[in-house]
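Following: one structure in structure tokens, then a few remarks.
The values are calculated or read from the model by the stated rules, or taken from the named source; none is laboratory data. Only a predicted model underlies this, so the values are computations on that prediction, with no experimental measurement involved. Ideal geometry is used to build each Cβ from the backbone, glycine not excepted, and the neighbour counts take in all protein chains shown.
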Amino acid sequence: MAARAYWQGQIRLALVSIPIEVYPATRSGPSIAFHQIHEPSGQRIRYEKVAPGVGPVDRDEIIKGFEITKDNYVLLDEDEIEAVKIESRKTLDLVQFVDADEIDVLYYEKPYFVVPADDLAEEAYVVLREALRQSRKVGLGQLAVRGREQLVSIKPCGRGLVMEVLRYADEVHKAQSYFRDIEETKPDADLLDLATTLIEKKTAPFKPAEFHDRYVDALHRLIDKKAKSKSNKRILEDTSEPDKRGGNIIDLMAALKKSVGDTGGAKAADKPQTAATKKPAAKKAPAKKPAAKAARKSA
């Protein structure tokens, strides 16, 4: 089945309009959905909508309410809510451009692929892509979709464009409130050098397929085992990995050296000796014999 477009319309830059289609660039990761079960009967638990002092109520009698004070609500019906929704427009106006590194990573929420709607749109699409790439800029605009207005950015991605939904300012916590107690001090040069060496040693190309959610994998194995056993006998497995790091780091320099595998700066006395490198124990000198008593007396 062909992917369903999240949005269809046009990007407008001044007097230039480019017909586009927008598709989700990500999908939800693997997850395990559990239901609540009444163990004695094996029946699934169901929930009823009830009102205190009234009991179960019909769905048609339910409306939405916003609590303004404790147990005091402003009631809104669906028509009132629909009336204030932003009308979905078919145009995304690029109203501003900023440097690509000016948007903090905290503001990025979700990416979408942007593709030209037809062959006629491709020429203008490519021009926009290359102009953004050469200028190293990101286009900003607001997209009205599904009754809400989203702040979005447009930037090059390979042979295409990617649109990223951005969070509004009031959705992002200020970092200063979390980091204010961290002192502005420069680290020890030797420690910094060791940490940099460790980072370089562990640097490799990013291959997302090499990373897995081990919790989900373990749940799948557990479910498979219980399904095959055809019993409700409890199966408990220790899937945790032994912590090879030891306890709390007390000597940061020693811990970094050990992590880097730096033996050049370590003293010979600090190096563990293997069977091949251990020196044989020195032979004990024979016990000294007690001084001979003068057996002979001078004549």
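Numerical summary
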item	result
Residue check, E164 at pLDDT 90 or above and either surrounded by 10 or more Cβ atoms within 10 Å (Cβ to Cβ) or not in a loop (DSSP other than H, G, I, E, B) (or both)	yes
Close pairs (8 angstrom Cβ cut-off, 6 or more residues apart or separate chains): under 17 Å from S28 (Cα atoms) in region 206-220, hydroxyl-bearing (S, T, Y) and surrounded by 11 or more Cβ atoms within 10 Å (Cβ to Cβ) anywhere	R214/T239
Enumeration of residues in region 168-204 that are within 30 Å of K110 (Cβ to Cβ) and among the small types (G, A, S)	A169, A175, S177, A204
Index of the failed condition, G42 passing every other in (1) touching a Gly at 6+ places or on another chain (Cβ under 6 Å); (2) on the phi > 0 side of the Ramachandran plot	(1)
Region 184-212, subset of a type in the set (D, E) and part of a helix (DSSP H, G or I), residue farthest from the chain's Cα centre (by Cα)	D190
Checking L75 against (1) outside any helix (DSSP H, G or I); (2) surrounded by 12 or more Cβ atoms within 10 Å (Cβ to Cβ), the condition it does not meet	(2)
Verdict on I103 being at pLDDT 85 or above and within 16 Å of V145 (Cβ to Cβ)	no
Within region 182-205, tally of residues that are touching a residue at least 40 places away in the same chain (Cβ under 8 Å) and either among the hydroxyl-bearing types (S, T, Y) or surrounded by fewer than 11 Cβ atoms within 10 Å (Cβ to Cβ) (or both)	1
Residue match in region 33-42 (condition: in a loop (DSSP other than H, G, I, E, B), in contact with a strand residue (DSSP E or B) (Cβ under 9 Å, 6 or more places away or on another chain) and farther than 30 Å from Y215 by Cβ)	no
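Each row is one residue, and each column tells you yes or no for (1) loosely packed, with under 13 Cβ neighbours inside 10 Å; (2) in contact (Cβ under 8 Å) with a residue 40 or more places away in the chain.
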residue	(1), (2)
L92	no, yes
V95	yes, yes
V105	yes, no
A117	no, yes
R148	yes, yes
